[in-house]
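I have placed the structure first, in the form of structure tokens, so that the comments after it can refer back to it.
Here, each number is a calculation from the coordinates, and none is a lab measurement. On a predicted model such as this, the values are computed, not experimentally measured, just so you know.
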Amino acid sequence: MTMPAVLRRPSVIRPPGAIPLTKRHPRIAAPGRHLPWPLPALLCWALAWGHWVGLLSLGTGAGVAFSGAVLVGSALALLAASRWRRLMIAAGFPLSFALSGLASGWSAVWWLLPLALLAVAYPVRAWSDAPLFPTGAKALAGLDELIGLPADARVLDAGCGLGHGLQALRRTWPQAQLEGIEWSRPWRLIAALRCPWATIQRGDMWAQSWAGHDLVYLFQRPESMPRAVEKAQREMRPGTWLVSLEFEAPSLRPHARLQHPGQRPVWIYAIRETRPGTGHGPRHHDSSVESS
């Protein structure tokens, strides 16, 4: 019996060795979010204290060890799901350090320096976006088999961090015009040095228009994906692509899901012209591929 057209899976070009998966997939949780609170905070504080002890054992000064431990705790705080939890995790080590009596007679500069460095590298206004997690070198391999782009396509890495995503995109589309945007000045500078063949701007990925790009690549957070979808549907033309590493867009029907062993999943969405109230169809009409 012929399956009605409305129930057919969207056509997907599978790379060699690809095998189909089930059509429904569990949502991928953010790192550490499956742990009950306050266990993530306790683990982060323990790592910060371990960093302190480890640096002291290497012969570094107490001030340097303290600054390094505060930076570690503050960076780990970016993984938390809410602003209050981020604050609690970031403050855990310095507060416990002060209560321990080890900070007696210390200059205030040792308390302020690491937090100032973190604020410069990762401004507070960017905390609602993804933390600094690099794209795997092989995470996007085979993406060109699923998405047909012109040779001179414009590809944007929105929130490019240190440039790992741009490097992975270049391996996939070496002829494409690669662009990146990053709010952090230090990260933008490092990305420009690592990716001299790409055009990288310092700016707000949410304020810059995505119109004119053939593909926009993201590595965001689950809570910021609805905002990304709304922006893509509003600004990108039909026939272009939105690609998200690890986190799916619940309101969109995926064109495909690419999964390499040991790598995060890649969710692929085709931007289509839609009528009000129709969206992109039900989520369960998706297709997936997995590399062998």
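Multiplying the residue separation of A91 and D144 by 0.36 nm and subtracting their alpha-carbon distance yields 14.7 nm. Subtracting the Cα-Cα distance from 0.36 nm times the residue separation, let me have the gained length for S209 to R237 in nm, one decimal. Result for the pair: 8.9 nm of gain on full extension. Extent of segment 155-262 along its three principal axes (Cα atoms, max minus min coordinate, largest first): 37, 34, 25 Å.
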